Structures are given as structure tokens and as C-alpha cells.
Protein chains: 2
Amino acid sequence: MPSPPPDWVKALKPAGPQGSELLAQERAQSNVNVEKLSEYLHTKAALERQDKLVALLQPEKVFDKSQNHSLGRVERLQRSLAKAKRLQQIAEQQKWNMEELHTANELIGEPTPYGLHASMFLVTLREQGTPEQHKLFLERAQKYQIIGCYAQTELGHGSNVRGLETTATWNSDDKTFTINSPTLTASKWWIGSLGRTANHAVVMAQLFIDGKSFGPHPFVVQVRDLETHQPLENVYVGDIGPKFGYNTMDNGFLLFNKVKIPHVNMLARFSRIDKDTNKYLRPALPTLVYGTLTWVRSNIVLQAGGVLARGVTIATRYAAVRRQFQDRDAEPHAGENQVLNYKMVQVRLLPLLASMYALHFTGRGMMALYEQNQSRMKAASSPGQDSRGAGPEELRAGADLLADLHATSCGLKALASTTAGEGLEVCRRACGGHGYSSYSGIGPYYSDYLPTLTWEGDNYMLTQQVARYLLKSARAVLSGKSADNDTSRILRNYLNRRDKGASFDVLEEDADIVAAFAWRTAHLTFEALKHRDAEKRSWNSLLVDFWRLSTAHSQYLVVKNFYEAVSSPQLASALDQETKSLMHSLFRLYALHTLEREAAEFFSSGAVTVRQITLTRTTAVMKLLDEIRPHAVRLVDAWAIPDWQLDSSLGRSDGQVYEDLFRRASQENPVNDLVFDPYPWNKALLKNEPAKSKL
Amino acid sequence: MPSPPPDWVKALKPAGPQGSELLAQERAQSNVNVEKLSEYLHTKAALERQDKLVALLQPEKVFDKSQNHSLGRVERLQRSLAKAKRLQQIAEQQKWNMEELHTANELIGEPTPYGLHASMFLVTLREQGTPEQHKLFLERAQKYQIIGCYAQTELGHGSNVRGLETTATWNSDDKTFTINSPTLTASKWWIGSLGRTANHAVVMAQLFIDGKSFGPHPFVVQVRDLETHQPLENVYVGDIGPKFGYNTMDNGFLLFNKVKIPHVNMLARFSRIDKDTNKYLRPALPTLVYGTLTWVRSNIVLQAGGVLARGVTIATRYAAVRRQFQDRDAEPHAGENQVLNYKMVQVRLLPLLASMYALHFTGRGMMALYEQNQSRMKAASSPGQDSRGAGPEELRAGADLLADLHATSCGLKALASTTAGEGLEVCRRACGGHGYSSYSGIGPYYSDYLPTLTWEGDNYMLTQQVARYLLKSARAVLSGKSADNDTSRILRNYLNRRDKGASFDVLEEDADIVAAFAWRTAHLTFEALKHRDAEKRSWNSLLVDFWRLSTAHSQYLVVKNFYEAVSSPQLASALDQETKSLMHSLFRLYALHTLEREAAEFFSSGAVTVRQITLTRTTAVMKLLDEIRPHAVRLVDAWAIPDWQLDSSLGRSDGQVYEDLFRRASQENPVNDLVFDPYPWNKALLKNEPAKSKL
């Protein structure tokens, strides 16, 4: 590293007022009780866990973050594996639960090569394995005696699981399967933890018995030697190369040349082959799998709030510290204005601040609904139930609700991850030039987050599932056979009132805002239904309409969940009156800003008038920005993201932005060890020239 | 690098149909004459130059791109300097002109540490230096005997040049300047080529004479020794660290501790200090500087088309090769559908295809206008003119036009670079999972391009200049003193017709589309004027309106320029009838897709009816997508971007997408040289366990 700066440099301070003073001023002008709000958002236990883990992990050299953005991929990957190992060691020593391990990984701040082992490999073995398979694979995997991954995606197939090309052929003679990659595009691809780390994989392959295909099934396949870590024979495996982000993960490829595995390696909880009869036995309980995906997607919604919060925390604090230009209408000798005072900055950042709260409460609402329903169904299907009683009915209602939850979780996953991903980039740009520095902490985090928009269902693909569900629900409502859930309710409401028309007072009544979003969704649903069922238009020609419909529906769900959260007795009892009213303002800002951006749909569905939209834009949103502005810093403080996790010069909670940028550039930047010969030609050529232009 | 794959892997091919077959099919279904269209877009000379340079540069090992995305910053920077040096050597040997050097740099595909020397340093010396200063600095800089940069931005000040803190104090006693950094935020920051490479800088500093400030002026300051390349005394200089992109450039910081430089080092073409009287002599010809910025911004508009073309070329070709799912309405045994056939993909890619043509023609139009005006002004102000004749009038008309060009170039720079930057990310996501791989060629290029949205005027800041100009023009129109330019014309037209209302037939008449865009701009201008002048609203409260206004105006300009280009006799004579009509379809797609996205403004300004907007979305745009779809591959082929420049597995002109992804991952990926010990605990612990789960 470079030598420390000379004394005359060390003596320099940023021009005043100092960042620390500006943030202190921000915090002084708001009464938001940051601690109470934090606890309400995250629980006291979670905050304490976070503090404890920061104190434990930050001092360890192995977790140092200072070189993350300068190193090449080889070294980053090696260091990341070292971090993962050390975390696992501590986890065992300290007997961490899942939440502690999860929080520790979040604090480390990068995906590690153990990532897919610790998540998808263990989950799949647990959920899809039999007790025998648990003993054989899961127990050893939990002890990190085997390291695994989940190998589904192929070079030629991502979204379309049915199109997978890898085959698993049942050999009835020796009771084994042959795993094979018939083409180059059959190569497994993008498989996290596989590139260099895993020695086992759960491989999704097309099951063939007697030449007949039974669709994709999961198989446990060993791919590397447990001692030498070299690939096994007839296995070709490696890392797929550098990526836009996620470079601390060894996403891998995997080809098989007719590799045999025993019968027990097909994960057999839901479907299996009877060894004696060579018959395929049908899958059981498919709704449970359905349920897992719903849980995963709801979790993405909840996390999206936290992801966005990182960007908004950084950009908001920096916009309070950064001053640029005078206000044009200000006194001639006024100082430069905090960037956060400019309406053009507020209109970019504060709706995102509202969005992070909106997504958080929506994710929470989804999770609660999911868990309620799961326990209801579990109770209903448990043997203790009266067999002639409420059991089956409850089960059916539960299945209806699960179908609704599944569809809504698809749409919300798409909306939430797009909002968070694109929002991070808005935050980065709102930081001006310094947003481009890796020390801003936004760029690298954004790059690592982006795959979320594609995985667990591509955000565009998912919208078709939402549309399909809404069309189905609309048909059921029209035929009088609708289910008892919220989606059916808003469709029925619309039909009942369509002739009278809507007259929602979105500028004055919060409940009317929710109703206007519901109205627009219902309107677009019946429009789409007309195109598909009456006009018989092709599915393909309607994809854009479906995408708009899904977005509209998901925005309605966020608005509804946010409204319910800010109106809830829990929130009322946890927060003081002022903070509570601020939460209402955030709700209104999220909803009205969205309404204004989607004005054309709200207008053409008749949910609101053009006059209302104009007033929303020019008056209501502007007023909300004024209302929220003084509390912006405290509202991001309440998210309680530790400085170590933010890893951002711009977003430091102490406001020492410029000191930190300068310290990192001059003291942590290996480029400054280089001495260049800057000339394209040999220096000797210079000898004929005057040596210097100095005094 | 890893050993080659085993024979059984080498024998594998992608599942058919092959990418090469699919692209051949695409090219067979369109009659677009790619060669003619290429020549019309780029000129034959430019295409030949490009071919010649690819053949020359690609074989040289120093220009190898295969490790760009795997290396750390230190090594990338070193290699990039080597590339820059080698280019400069060839340039001198082969006596390249500016265009050849520029094209070569584009082909190399990364910013190099010579970047700011070769552009801003030389340009500033040339344009702002006196003949004496040319001899002293420019001549040596041109021979690379001194290497320089342009040091304006500071740690605490980017956009606001007047707020710069670095000072240059005139010492009347010894006729020198003292350059000083009074604070930490005065540190120069983001200065390209300064971090490790430059030994000179043009430093923008606040000039003080006798305690009085004269604003920022340019000074040539040596910062490193010409022999040892070590920083000079009282200069603290270094690299600012890793960035979201642009990591092959050594953006630097720079602090001065009262460094003295001679009188001759203040660039004195436009303003200077008289050595004898110690008086400041006023700047001359400020419009010329004004003109340079206009040229730079117009050039960004032109380039934006090419930037977007790279993303669109990659995404379009890959969408033709990639197949995923069956069409839902297709026969049960139809094969998987090319992704490019899905409307949800078309609606993302084809409007961007139209945009790249739109920006290209707009940039060209701007450049032509600028050059016309420059030569007119030069002629008018030349001594040969009749002094009582058209000269002064011509000059005033020229200045009016230049003011118009300046404002329009600000707005267009913002719109064009935002469209290109955000468009690249749309292209990347349209490639699905593989878009995230660095081998897609989009991500790294996007990261390098993003600063364009911030530099040469932050895209949000710039919109204020456009609004200011439009308000001024509107006031002039109202007082009957409007200038003779297009902006005044559309404002006058709107006023004349406002009472009658508009009735533009945007669905049938191309000229009416242009008129509708003009109408919306004029409407928003007079709305903003009312808020500011009649309602006396604060400037800050109108920033969002100004941004919308500037965007509207710039979209009008693109639509107008594109329309003029596709209707021009030059295009008609260069292209066959079918391609010409396709250019009209691209114009309509760009315009109508924009109209639909901005529907609320078009509707509320009364430019179109809600019915027209609905038809635009559901019918007109869909029909245009169908029309353009079969020609998409040829339309990107015509952009003639060499494969070596694209550096993309997905965008290869031969369609060998999967072979190339696999080759790079397995053969060019240094990560595959690593062998991990994957266990968190010492391997010895395993000895008690069964060694393998193999057969």
C-alpha cells in the first residue's frame, strides 16, 4: 500500500459545514424515534443479533472488505471461500441457528462458494429425500463432509424446466440410473458452488424408463473425488467464467458421459421407481412443492425492501452532506444548497424511501398469510381431525388461498425485485459522479443483486402466470363460482359497480386510493379476458397486456398491504403519533407517485379523472415530498444497517464522506503502488529536449 | 489455462437447429441490402477503415481481450497502458489521422490511460493556448514528450464549476501564480489519466489578483518528474480507486501545497494577466467556447446510436438463436420458439432498434447544423466581408441559431445518453440468464458507458438549461420578438392554434406525429411559463416540470430529425424502396412507442385523444413489430460492428453462441486452474467416514 500522505495533506479538512455537522442537523430537525421504529421493523432480537455479529466478525482479518473491488476473480474467489470456511467454523463453535448464519452472511456482504450448498442443496435433500437418503446424504452434507449444489439450469435451457436435455435412464437390469448429457446445450450451466467447490450435485434430469419420458426429476450425483477433489471419470466440470457481478461465487458447468448412479440416488420422497417392478410411482403432495416456491418468492419481496434500503440509506445521507449550487431564488450570498433540498433529487429518492417501507410491509404480509395458511392446512390434514368435519373443506379453502398466494407471489416477486434492482441504480445516479466509485457501495451491491430479477422465475415470464390466474378468476366470477379470496372480491366489486362508474377521492381518502388500484386491476383483467375469450386473440399477441396487468395487480397488492400495515393496531401501539402519521405519508407518497407514473391506465380505466392526476402530480406529491424531507435521514437511520455492512464512503452514518473517500483512495488502493513509464517511446528520446518546464 | 476438454466433450454439439442455421434463416427472409444500408449509415470510407484496422490490430497479442473480465485492477491498468502505447507507436509509424486513431481506440474497446491526454489535454492546449504556449506545451504533448490531463472536477465539486476551491493567486512581485488546495474537498478528483500516467495537468483554478476573485481559469501545471515520474514537491497525486466501470483508466486525485508556476502557464488565448500592469484582460469570443461544448454534446448524441447498436445487435442475434418454450397456441409437437418471436421480447428490443437509428440520424442532423452555422459565422465575421453588408446581421442570426443549438444539444445529450445507457441494460436483461455473463459483451460495456450520463453536464442538471431557454423563447414569442428558429416556430404555431385545438392524425400521417410532439412541447412550455411568471412559483418547485419539459422537447427533436432523415432525397436515392419503407416503419415505431409511453402528457395537452392512444398501443405498435420483426437481424447487421469489437458470445455474427460460451468458460477462464480444498475443517476428520458413495 502507498505511504501515508505528507503532513500538509493530513492537515487539510473538507470545506465546512462538515458532513458530521450536516447529519447532526438533519437528525435534530426530526422527532422520529429511530430506536422504536427499528425495533418495530426488525424486532429487538434481530437488532441485537446484528450488533453482536458485527462486533464478532468485523475485527477478523479474513473478513476485511477493503480489497474487494480491486482484486481479480481468482483471488476474490479464493478469499471468499476462506470467508465461507471461517464462518462455518464459527457457526459450529458458537452453535449458530439459521438466523445467525443468515445474518452473518448478510454482513459479510458477498455470495460465497458455500452459498448453494447451504441453501438449495440442503433444502432439496431435506424436502425431497427419504429418511434413508437423509442418512446417506443430508447428514453428511450438514456436517460439510460432502459439499453440494443444485444443478437444474442448462446452457440451452433456463426458464423452461421441461425442456431440460440431461437424461437419467433407468437400467432395470442392474437397478441403476445412467446420467448423460446428449448435447453441448445439455451442459448444466450457472450452477452456483459447482465451478470449483462442490463434490456432489442434485442434478435435474429427464427420467426415462423403458424409452418413455417421465419429465425432470432430482438425482444426487457425485462429481469430484472426496480426497483429491479431482473430477470423477466421465464428468467434465468447471467454472463458467466472469460475470457482471456474483464473482465470488463459482457458478459452474457440468457434463456427463453416461455416468452410472445407484437407485438410492434418485430423491424419492415424492416419486420413485419400484426396484422390483421397475414401475414409476406417482408424485404425492405436489401442493407442498408449490408452497415452497411461494415461500421463496415472498421472501424475495421482503428482502427487496432491505436491498433498496441500502441504496436509499447511502444516497439520502450523501444528499444531506453534499452541497452543490445555490438555490436560484435564494439570497445572493447564501451558501451552497444541500442536494437533498432539490425537488429533482427528492422526487427520485423519497418515493424509493417509501418503496422500501412498502415492500417490507408487503413481504411481511405475504409471509404471515403464507404461514397462517400452512398451519391451517396442516391442522386440517392432520389425523386428529374429525374425518367428517371441517377438514376437507378447510383443505379446499386452503388450496384456493394457496393458489391465490402462489399467483400473487409471482407478480410481487417480479415487481419487488425490479423495483429494488432499478431503484439501486437510481440511488447510484442520484449520488452524482461519486456514485460511480466502488467506494459508494452501491455499484457492486447492485451488480450482485441483479440476478434476482432473472432467477426464481424471470420477471417477465412470471407475469404470464399472474395473468393466467387473473383470467381464470375472472371467468369464475362471471360464472358465479368464484373462490373466497381478495382477488375474486375486487373483480366482483368492479362488475357490480362498472355501470355506475368509479368516483374515488384519491386526493383525500386513503381507502379510496386502495380502491382505485383495485379498480384498475379489475378493469385490465376484464379487458384482457375480452381479448382472449371473446376476440380469440393469440396468447403471444397479449403478452404485453399480461405484463401490464400483472404489474397493475402487484402494485395494487403493495398499496393494499402498505395501507393495512400503516392502519394496523400493532403499528399504532408500537409507534408514537408523529411517526405513525409519517408512515401514512410514506404510504400516500408510494401510492400517489405510482398512480401518477401509471396515469394513462388509471385514467383510461375510469378510476380517476385527468384533473385528479394533474393535481396528484403538481400538488399532492410535491406536498408529501415537503412533509417527508425533514425526516429522511432518520427514516433511513431506522433501517439500522451497520456501517460495516453498507461498506460505503458516501453512506457513512457519521457523515465523514470526503475523509473516507480520500482515505480509501490514498491508503487502500493498490494501484497507487505502481510507477509507470508513461512514454510510448523509449525515454532516451527525451534527452534532446529541455528537461523541465519548472520555474 | 485448463487442459482441453476430453474427446467425448469435443464430440458434443448444441441441440439443433444450430445457431448458424437460425441466423441464416433470418437473413434469408429479408431483402434489406445490408451493404448499401451500412454505407449510407457510416460511409464506405469508414467501413473500409474499420476492416483495415481490425485486420491490423486483432492479431497482436497485446490487444487480446480474453482476460479483460478476470483480471484485477492493477493488471488491467498495466495492460491498458501497454495497449495505449502500442496504438500510439502504430499511429506514428502509419501516420494515422484522427479518424484512424479514433476507430482503433473504439476497436480496442476500453478507455486507456492515454485517453484524456489525447482528447481534453490536447484540445484545451490547442483551443485555449496562445502560439507561444502551443510551442511550449502543445508541440511536446503531441509528440508524447509530456503526458497530460484536464483537472477540473474536485472532490467537493462536480457540476458547479464556479464552486471550485483550488486557487491560483497572482504574485505581482515575481510574476508567478501560486496554485493551492486550501481544503481536502479542493482536491482534484476523477481526473482521467492523472492517477498514474500524466506528468502535466491543465488545472482549473479560481484566479485571484490582489485578493479579488476572477473565477475559474485554466493553468498548465507539471505534477510529476519527467525522468523519475515521481510526484514533484508539494504535489500529492494518485489514483482514486476502483469504479463501477472504466477501471482501465487511472482517474486521479491531486492536491497542491502552494506550488508556484510561471506567468506563461496560464492558458491565455481568451483572458490573461498583463505582466506589466498586473491587470486582468477580459475574455474574448466566449461563443466559440460555447460552440465547442455544443459540438461535444452533439457528438454524444451521434455516438449514443452506436452504443445502443452494440447492445441491440447482441440481444437481437441471440434472441434469434435462443429458443425457449412453445408458443401456447402452437401445435402440440411444434419445436421451441425463437425468443425473438415473443411479443414481450419484441416490444423491448425493436423500439430500441428504432432508437439506435433515431439517435444516429439526430446526431447527424445536429452535427450538420452545427457545422453549417460555424462556417456561416466564420464567413460573416471574416475581414473580406462588406462591413456595412450582411455581416453583422448574419452574425446575430448565427448567434441565435447557436443559442438554439446549445440548448437543444443539452437536452438531446441527456435524452440520448439516458436512452443508450438504460437501453443497454434492457438488452442485457432481454438475453435472460446469459446476459449476466461477461461473455455476453453487454455488462462491461454498459459499466464503461454509464459515466456519459453524468459527465459533460449531468443529465438532470442539463434539463434546467433547456427549460430556461424554452421559457426565454416563449417570453420572446409572446412579446412578438421571437428569433427565427424552429423552437420559436413551434411555440408560435401552438399559440395560433391553441383555441381551435389540435386534431393530429398520428395513426395515419407521419407529419402529424411530428406536429403532435411539437404541440406537447409547446403546451408544456407555456404551462411552465405560467407557473413561473404568473404564479411566481419557486425555481426549485418547478425542477420536475422542467425535466419533463426538456425530455418532451428532446423527444420532439429526435422525432423531427428522424422524420426528416427518412424523408430526405439523400436516403431515397441511396436505398431501395423496401429498405426505405422499413426506415419509415422504424420512424413510426420510435415515435408511436414513445407517444404511448408518455401517453398522459400527450392526452392532457390535447395533442391526441384517449382513443388514439389506445389504438396506438394495441394496434399500431403491434403491427409495426410484426412488420419489422423479419428484418431485425439484417437491420443490426447493417450497423456493421465487427465481431472482435462486440466481443460477445451471444452476439456473434455466425450464431455459434453456445460453442463460444463453452470455449471461453473451459479454455479462457483462469478460475479453472484452481483446485480447492472444499472442507471447512481439516480433511483428516473425514477418515472415519465411508470414503465414497460411488457404485
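The values are calculated or read from the model by the stated rules, or taken from the named source; none is laboratory data. Because the structure is a prediction, the values reported are computed rather than measured. Note that each Cβ is placed from the backbone with ideal geometry, even for glycine, and that neighbours are counted across all protein chains shown. Accessible surface is based on the protein model in full, side chains and every heavy atom, while ligands, DNA and RNA are left aside. Shrake-Rupley method; radii C 1.70, N 1.55, O 1.52, S 1.80 Å.
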Q: Give the value in nm², to one decimal: projected area of the alpha carbon convex hull of region B:67-191, averaged over all directions.
A: 10.6
Q) Could the peptides A:589-596, A:663-670 be put in order, highest first, of the mean number of other beta-carbon atoms found within 10 Å of their residues? A) A:589-596, A:663-670
Q.
Can you give me the C-alpha center-to-center distance between region B:180-214 and region A:626-666, rounded to a whole angstrom?
A. 27
Q) On average, how many beta carbons from a partner chain sit within 10 Å of the beta carbon of a residue in B:339-351? A) 3
Q) Under the definition of partner shielding as Cβ atoms of other protein chains within 10 Å of a residue Cβ, what is the mean value for peptide A:542-552? A) 3
Q. Put the label 7 Å from Cα along Cα→Cβ for B:Ser538; what are its distances to the other copies, in nanometres, shortest first?
A. 5.6
Q. Fully extended, how many nm does the chain gain between A:Gln93 and A:Asp174 (0.36 nm per residue separation, minus their Cα-Cα distance)?
A. 24.8 nm
Q.
Can you compute the helix-only [θ] at 222 nm over chain A? Use -39500 (n - 2.57) per DSSP H run of at least 4 residues, normalise by all residues, nearest 500 deg cm²/dmol.
A. -16000 deg cm²/dmol
Q | Rounded accessible area of A:Ile179 (nearest 10 Å², 1.4 Å probe) | A | 0
Q | Mean projected area (nm²) of the alpha-carbon convex hull when region B:289-636 is viewed from all directions | A | 21.0
Q) Hey, what did region A:170-278 get for relative contact order, percent, Cα under 8 Å, at least 6 apart? A) 36
Q: Could you give the C-alpha radius of gyration of chain A expressed as a fraction of 2.2 N^0.38 Å, taking N as the number of residues it contains?
A: 1.08
Q: Order A:Trp547, B:Trp644, most accessible first, counting only protein heavy atoms with a 1.4 angstrom probe.
A: A:Trp547, B:Trp644
Q) Top to bottom by accessible area (1.4 Å), largest first, where do B:Asp512, A:Asp276 land? A) A:Asp276, B:Asp512
**Q.** Cut-off under 5 Å, modelled amide H: who pairs with B:Val203 long-range
**A.** B:Ala151, B:Phe219, B:Val220, B:Val221
Q.
Over the Cα atoms of the protein assembly as shown, what radius of gyration and what Dmax do you get, in Å?
A. 32.2, 110
Q) Reachable lysines from A:Lys243, Cα under 17 Å, same-chain residues fewer than 8 places away excluded? A) A:Lys188, B:Lys65, B:Lys243
Q. In debye, nearest 20: dipole of region A:145-283 around its Cα centre with unit charges on the Cβ of K, R (+) and D, E (-)?
A. 400
Q) Given a Förster radius of 30 Å and the C-beta distance between B:Asp276 and B:Arg162 as r, what FRET efficiency does 1/(1 + (r/R0)^6) yield to the nearest 0.05? A) 0.55
(Q) For Cα pairs less than 8 Å apart in space and 6+ apart in sequence, what is the mean separation divided by the residue count of region B:289-636, i.e. the relative contact order in percent? (A) 22
Q: List the pair-distance distribution P(r) of region A:483-522, using every Cα-Cα distance, as the percent of pairs falling in each 5 Å bin from 0 up to the bin containing the longest distance, rounded to whole percents.
A: 6, 26, 29, 23, 14, 2, 1
Q) Where nothing but the Cβ of Lys and Arg (+1) and of Asp and Glu (-1) is charged, how large is the charge dipole of region B:93-133 around its Cα centre, in debye to the nearest 20? A) 100
Q: Run the numbers on chain B and let me know its relative contact order in percent, using alpha-carbon pairs under 8 Å that are six or more apart.
A: 17
Q: Determine the percent antiparallel among the DSSP beta bridges restricted to the protein assembly as shown, to the nearest 5.
A: 85
Q. For the rotation that brings chain B onto chain A, whose beta-carbon in chain B is nearest the axis, and what is that distance in whole angstrom?
A. B:Gly72, 2
Q.
Within chain A, which whole H helices from DSSP have a Cα span along their axis of at least 27 Å and a mean Kyte-Doolittle hydropathy of 0.0 or more, if any?
A. A:286-321, A:343-381, A:391-430, A:459-478, A:510-529, A:543-566
**Q.** Equivalent ellipsoid semi-axes, region A:145-283, via Cα gyration tensor eigenvalues times 5, rooted, Å
**A.** 26, 16, 13
Q: Between B:Val610 and A:Asp225, take the C-beta separation as r, use R0 = 56 Å, and let me know the FRET efficiency to the nearest 0.05.
A: 0.25
Q: For A:Lys243, A:Lys580, B:Lys61, give the ranking by accessible area with the largest first, probe 1.4 Å.
A: B:Lys61, A:Lys580, A:Lys243
Q. Summing Lys, Arg as +1 and Asp, Glu as -1, what charge do residues with Cβ under 15 Å from the Cβ of B:Glu21 carry, B:Glu21 excluded?
A. +2
Q) How far apart are the A:Phe214 label points across copies, placing each 7 Å from Cα toward Cβ, in nm, shortest first? A) 8.9
Q) List the lysines whose alpha-carbon lies under 21 Å from that of B:Lys175, not counting same-chain residues fewer than 8 positions away? A) A:Lys692, A:Lys694, B:Lys135, B:Lys212, B:Lys258, B:Lys260, B:Lys275, B:Lys279
Q) Averaged across the residues of A:430-443, what count of C-beta atoms belonging to other chains lies within 10 Å of each residue's C-beta? A) 5
**Q.** Nearest-first distances (nm) between copies at B:Lys472, label 7 Å from Cα via Cβ
**A.** 6.2
Q) So which lysines pass the test for A:Lys536, namely a Cα distance under 27 Å, with those fewer than 8 places away in the same chain ruled out? A) A:Lys472, A:Lys481, B:Lys343, B:Lys623
